[in-house]
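Report on the following structure.
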Amino acid sequence: MTDRLGDRLVTAREEGFVGRRGETAAFRALLAAGRGAVVYVHGPGGIGKTTLLHHFAQLAARAGRPAVQLEASEVRSYEEELAERIPDRPDLVLLIDGLDDPRVARDTVHRELLPRLPADALVALACRTAPPLSWRLDPAWQGLLHLLPLGPLDEAESRELLTRRGVPPAVQKEGLAFTRGHPLALALVADVAALGGEAAGAEPSPQIVRALLASLLEAVPTPLHRAALEASSQVLSTTEPLLAALLQVPDARPYFDWLCGLSAMESGLRGVHPHDLVRDALDAELRWRDAERRAALHRRASAYYQRLFTQDDERARQRAVLADFAYLHRDSPVVGPLLEPVARGAAGAARLDRLTVSPGPVSGGELVEACTIAAIHEGIEAARLVHDWSQRPEAETYTVRGPDGVAAGFYTLVELGGAPPPGGPDDPAVRAACRWLGEHGELRDGERALFVRFWMSRDEYQDVSPVQTLITLRLTHHYLTGHRPALTLLPFADPDFWEPGCAYVDFARLPAADFTASGRRFGVFTHDWRRVPGLAWLAMLTERERAEDPFTVAPPVVSEPLRVLDREAFAEAVRDALRGLVRPDGLRDSPLLGTRLVAGRCAAGGAEETGGTEEAGGTGTAGRTGGAGPKERVAALREAVRAAAAALEASPQDRRAFRALHHTYLRPAGTQARAAELLRLPMTTYRRHLAAGIGRLTELLWQEELEGGGPDAPEGARPGRPPDVTPPEWTGPGPASPP
């Protein structure tokens, strides 16, 4: 029987202590050694630092050593009153909690208190952050300072804690999923469960959220700081430019620096992010308190990622990590389960970061690894096809490697036309794909379809896994930033499982291209990038992410059916467009208005618009593309022609051809004779330069047409945007007549 209430509390606290076996063993060893040491316990708020210090005090008492427990706020200076509370004994154990209290200078403990303690005293300090670098680099601390970073409890320890607090087994599963082993959160789950409330789940109760936020987060200086914290909970990782876009401020440096200093934030290769528990708590609070603001943050994040894909700088495109864009779709009941490695937040992103994709097509030993994986899952014939395709110029194989450097998966891409490549392997999958492409693909000269012939994880095959997720993201990167295909064909060994997810991302089921290989029937899905270009596709996904029923958001289409012109018809349409370029209605009936060239530029214009103040509820690129009217399409066509002309002007070998175009169509002289006179050229030379200019301009526009149109076309495959080549309004008789 205990005589005092304090003794009963100590006993109850000890009986409720679980886990921390490694920390306990380390402290016991220091107690037994009897030498001076400073144990520095650090971790985010609510992780169990105070509880561990209480446990250390009990261990000291059992070892017969006097233990003194202090709050850091009591150590403002080494005054006589404090000295009286700390006995001058060589076996002293001193425990100081809350060293991150803003009223306390850690230097007071470091420089004034600790040096005055007995040489063999054992000290335990608790703080949210690691000790300053100066402590760790100071030679005087070598061998004296012992760091004990605290992390979450494991599943068994978490279950034990809930059991000891009387949480029924039926309630524990959801509590474990939400708390992720965080001791304070587990205790709060037990408290709410004891009161008959709903402890956790898909929508954790506001009581838990508010209690977690009150304990885990520092005081928020201003509403904009709070907004920065909320914003960081909605994206996979936060960078300073992204934070500026989310807050809609020109300079986010003060808020980003503040986030970096929070104990609840963690840093990584991608930027900073909240501890997963803090993220969950903030997200649940924002969802409960202001769902519209949460949706607005998602729109701004999506617009930011899309804008990166419109930039010419390839490094900026590489920074547009598709995992971040995919993370915005984590709540989708359709694709959320398929994105599980990404949806797990920082832990999932860390698993993806430990995987790498080969920088280029593989050969030699890496190709052998890919063939081995194919043989494991699809048989020897599949392995032979992987090898044979990888020897062909139209095919490439890439491997995914784990942290051990061993291949963990691979994928093989094959570029196809309307017929199997001459001399290529006899592949039933390619035969079926080419048969459909020849009958329905509408491929023109220079256009190719991208067939993802093989894709698989070594351990999970085509099941949801980090390797599968990384392959999916890398394939998307190919579609958006590589040499864009006209169509993509993607086969699945289990098409029924993947069909809802494919429908969400606008990959349509294509039974006519199904094939049988290795005794298994594969189902094929396709997306036509000519009809829904990359930026319009990303914007459609943004709209679907925020829609209650994603399938009510139709894929964006131009207001008229897309016109698929062959090279000759396209060239004739370009010549006609040049003749009508400066007339107000000169492009009204151009066949180019319905092409991929113009559709892509309308989509890009819509993506740029989403980067502004979308609080009014704009529909983004998806709505823009679907509703692009005649004026928008005419403006996009004019911009395409002028951008191509500017590319000619910037090229020394094309500059003479550009001048002939300029005086004939961009700033027309009125007649060919006058244009030749301005250029000081004989008529025959002028016409030769003009023909060269029309040919080169047509070539650039045709390449943009094949690549998908718009400023998101690959570097080098599209003309650059001109600084200012808009001609003045022409009031003369019209452009010089063509040769």
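Let me confirm something: among A124, A130, A156, which residue is open to solvent by less than 50 Å² (accessible area, probe 1.4 Å), among the small types (G, A, S) and modelled with pLDDT of 90 or more? Quick ask: steps written out before the conclusion?
Working: A130 fails: modelled with pLDDT of 90 or more; A156 fails: open to solvent by less than 50 Å² (accessible area, probe 1.4 Å).
Going through A124, A130, A156 in turn, the sole match is A124.
Considering only region 125-145, how many residues are over 37 Å from the mean Cα position of the chain (by Cα) and aliphatic (A, V, I, L, M)? Please lay out each step first, then the result.
Keep residues of region 125-145 that are over 37 Å from the mean Cα position of the chain (by Cα), which gives 125, 138-145.
Add one more test, that the residue is aliphatic (A, V, I, L, M), and what stays is 125, 140, 144-145.
Residues flagged as over 37 Å from the mean Cα position of the chain (by Cα) and aliphatic (A, V, I, L, M) within region 125-145 amount to 4.
Please state which of the following conditions V192 fails to meet, knowing it meets all the rest: (1) assigned to a helix (DSSP H, G or I); (2) open to solvent by 40 Å² or more (accessible area, probe 1.4 Å); (3) over 24 Å from R35 (Cβ atoms); (4) out of contact with any Leu (no Cβ under 7 Å at 6 or more places or on another chain).
Here V192 clears every test but (2).
Has region 323-345 got at least one residue that is buried (at least 18 other Cβ atoms within 10 Å of the Cβ), basic (K, R) and either at pLDDT below 90 or assigned to a loop (DSSP other than H, G, I, E, B) (or both)?
Within region 323-345, the subset buried (at least 18 other Cβ atoms within 10 Å of the Cβ) is 323-330, 332, 335, 338-339, 341-345.
Cutting the leftovers down to basic (K, R) gives us 330, 344.
Going one step further and asking which of them are either at pLDDT below 90 or assigned to a loop (DSSP other than H, G, I, E, B) (or both), we end up with 330, 344.
Checking region 323-345: at least one residue is buried (at least 18 other Cβ atoms within 10 Å of the Cβ), basic (K, R) and either at pLDDT below 90 or assigned to a loop (DSSP other than H, G, I, E, B) (or both).
Test V452 against the stated conditions and say whether it is part of a helix (DSSP H, G or I) and either open to solvent by less than 10 Å² (accessible area, probe 1.4 Å) or not polar (S, T, N, Q) (or both). Give the derivation first.
On the way: part of a helix (DSSP H, G or I): no; either open to solvent by less than 10 Å² (accessible area, probe 1.4 Å) or not polar (S, T, N, Q) (or both): yes.
Judged against the criteria, V452 is not a match.
Looking only at region 495-548, filter to residues that are open to solvent by less than 30 Å² (accessible area, probe 1.4 Å), assigned to a helix (DSSP H, G or I) and of a type in the set (A, V, I, L, M); which one of those is modelled with the highest pLDDT?
A513
Show the residue pairs meeting these rules: Cβ distance below 8 Å; 6+ apart or different chains; first residue within region 491-509 and touching a residue at least 24 places away in the same chain (Cβ under 8 Å); second residue assigned to a helix (DSSP H, G or I) and surrounded by fewer than 18 Cβ atoms within 10 Å (Cβ to Cβ).
Once the first residue is touching a residue at least 24 places away in the same chain (Cβ under 8 Å) and sits in region 491-509, its partners that are assigned to a helix (DSSP H, G or I) and surrounded by fewer than 18 Cβ atoms within 10 Å (Cβ to Cβ) give A503/F551; Y504/F551.
Can you tell me which of (1) open to solvent by 20 Å² or more (accessible area, probe 1.4 Å); (2) part of a helix (DSSP H, G or I) is the one L59 doesn't meet?
The number of the failed condition is (1).
Does V430 fit the bill of being closer than 21 Å to P485 by Cα, open to solvent by less than 10 Å² (accessible area, probe 1.4 Å), at pLDDT 90 or above and outside any strand (DSSP E or B)? Give the derivation first.
Numbers: closer than 21 Å to P485 by Cα: yes; open to solvent by less than 10 Å² (accessible area, probe 1.4 Å): yes; at pLDDT 90 or above: yes; outside any strand (DSSP E or B): yes.
Yes.
Just for region 674-694: of the residues that are touching a residue at least 40 places away in the same chain (Cβ under 8 Å) and either in contact with a strand residue (DSSP E or B) (Cβ under 8 Å, 6 or more places away or on another chain) or of a type outside the set (D, E, K, R) (or both), which one is farthest from A643 (Cα to Cα)? Explain how you work it out, then say what you get.
Step one: of region 674-694, the residues touching a residue at least 40 places away in the same chain (Cβ under 8 Å) are 674-675, 687, 690-691, 693-694.
With either in contact with a strand residue (DSSP E or B) (Cβ under 8 Å, 6 or more places away or on another chain) or of a type outside the set (D, E, K, R) (or both) added as a condition, the list becomes 675, 690-691, 693-694.
Values: A675: 21, L690: 17, A691: 18, G693: 14, I694: 14 Å.
If we take residues in region 674-694 being touching a residue at least 40 places away in the same chain (Cβ under 8 Å) and either in contact with a strand residue (DSSP E or B) (Cβ under 8 Å, 6 or more places away or on another chain) or of a type outside the set (D, E, K, R) (or both), then A675 is farthest from A643 (Cα to Cα).
Restricting to region 253-310, name every residue that is among the polar types (S, T, N, Q) and in contact with a Ser or Thr (Cβ under 9 Å, 6 or more places away or on another chain). Lay out the reasoning, then the answer.
Restricting attention to region 253-310, the residues satisfying the condition of being among the polar types (S, T, N, Q) are 263, 267, 302, 306, 310.
Listed by number, the residues that qualify are S263, S302, Q306.
Within region 577-596, count every residue that is buried (at least 17 other Cβ atoms within 10 Å of the Cβ) and part of a helix (DSSP H, G or I).
Filtering region 577-596 down to residues buried (at least 17 other Cβ atoms within 10 Å of the Cβ) leaves 577-582, 586-587, 590, 592-596.
Remaining after also requiring part of a helix (DSSP H, G or I): 577-579, 592-594, 596.
Here the count works out to 7.
State all residues of region 396-422 that are in contact with a Ser or Thr (Cβ under 7 Å, 6 or more places away or on another chain) and small (G, A, S); if no residue qualifies, say none.
A407, A408, G409
Hey, can you tell me all the residues within region 232-287 that are open to solvent by 50 Å² or more (accessible area, probe 1.4 Å) and of a type in the set (S, T, Y)?
Here is the first cut: in region 232-287, the ones open to solvent by 50 Å² or more (accessible area, probe 1.4 Å) are 240-241, 248, 250-251, 253-254, 257, 260-261, 266-267, 269-270, 287.
Matches in region 232-287: S267 only.
Of all helices (runs of 4 or more DSSP H) completely enclosed by region 122-188, which ones contain at least 3 residues that are in contact (Cβ under 8 Å) with a residue 40 or more places away in the chain? I'd like the intermediate steps shown before the answer.
On the way: elements: 133-137, 155-164, 169-179.
Those helices (runs of 4 or more DSSP H) span 155-164.
Scanning region 462-494 for residues that are of a type in the set (V, I, T) and outside any helix (DSSP H, G or I), which turns out least open to solvent (accessible area, probe 1.4 Å)?
Taking region 462-494 as the starting set, the residues that turn out to be of a type in the set (V, I, T) are 464, 467, 469, 471-472, 476, 481, 488.
Then drop every residue that is not outside any helix (DSSP H, G or I), which leaves 464, 488.
Numbers: V464: 46, T488: 0 Å².
Taking the candidates together, the pick is T488.
Might you check whether a residue that is open to solvent by 10 Å² or more (accessible area, probe 1.4 Å) and within 31 Å of the chain's Cα centre (by Cα) occurs anywhere in region 433-443? Please lay out each step first, then the result.
Start the filter on region 433-443 by keeping residues that are open to solvent by 10 Å² or more (accessible area, probe 1.4 Å), which leaves 435-436, 438-440, 442-443.
In the following step, the residues that additionally are within 31 Å of the chain's Cα centre (by Cα) were identified as none.
The answer is no, given that none of the residues of region 433-443 is open to solvent by 10 Å² or more (accessible area, probe 1.4 Å) and within 31 Å of the chain's Cα centre (by Cα).
Here is a yes/no grid of residues against (1) modelled with pLDDT under 85; (2) surrounded by fewer than 19 Cβ atoms within 10 Å (Cβ to Cβ):
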position: E614; (1), (2): yes, yes
position: T619; (1), (2): yes, no
position: I694; (1), (2): no, no
position: L697; (1), (2): no, no
position: L700; (1), (2): no, no
position: E707; (1), (2): yes, no
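Of all residues in region 172-187, count the ones that are under 15 Å from T51 (Cα atoms) and of a type in the set (A, V, I, L, M).
Residues meeting the conditions: 4.
Can you spot a residue in region 654-672 that is under 44 Å from the mean Cα position of the chain (by Cα) and outside any helix (DSSP H, G or I)?
no
Given L416, L385, which one is touching a strand residue (DSSP E or B) at 6+ places or on another chain (Cβ under 6 Å), crowded, with 19+ Cβ neighbours inside 10 Å, more than 24 Å from Y504 (Cβ to Cβ) and not polar (S, T, N, Q)?
Values: L385 fails: touching a strand residue (DSSP E or B) at 6+ places or on another chain (Cβ under 6 Å).
Going through L416, L385 in turn, just one is touching a strand residue (DSSP E or B) at 6+ places or on another chain (Cβ under 6 Å), crowded, with 19+ Cβ neighbours inside 10 Å, more than 24 Å from Y504 (Cβ to Cβ) and not polar (S, T, N, Q): L416.
The values are calculated or read from the model by the stated rules, or taken from the named source; none is laboratory data. All of these numbers come straight from a predicted model, not from anything done at the bench. Using ideal geometry, Cβ is built from the backbone for each residue, glycine included, and neighbour counts are taken over all protein chains shown. Just the protein is used for accessible areas: all its heavy atoms, side chains included, with ligands, DNA and RNA removed. Shrake-Rupley method; radii C 1.70, N 1.55, O 1.52, S 1.80 Å.
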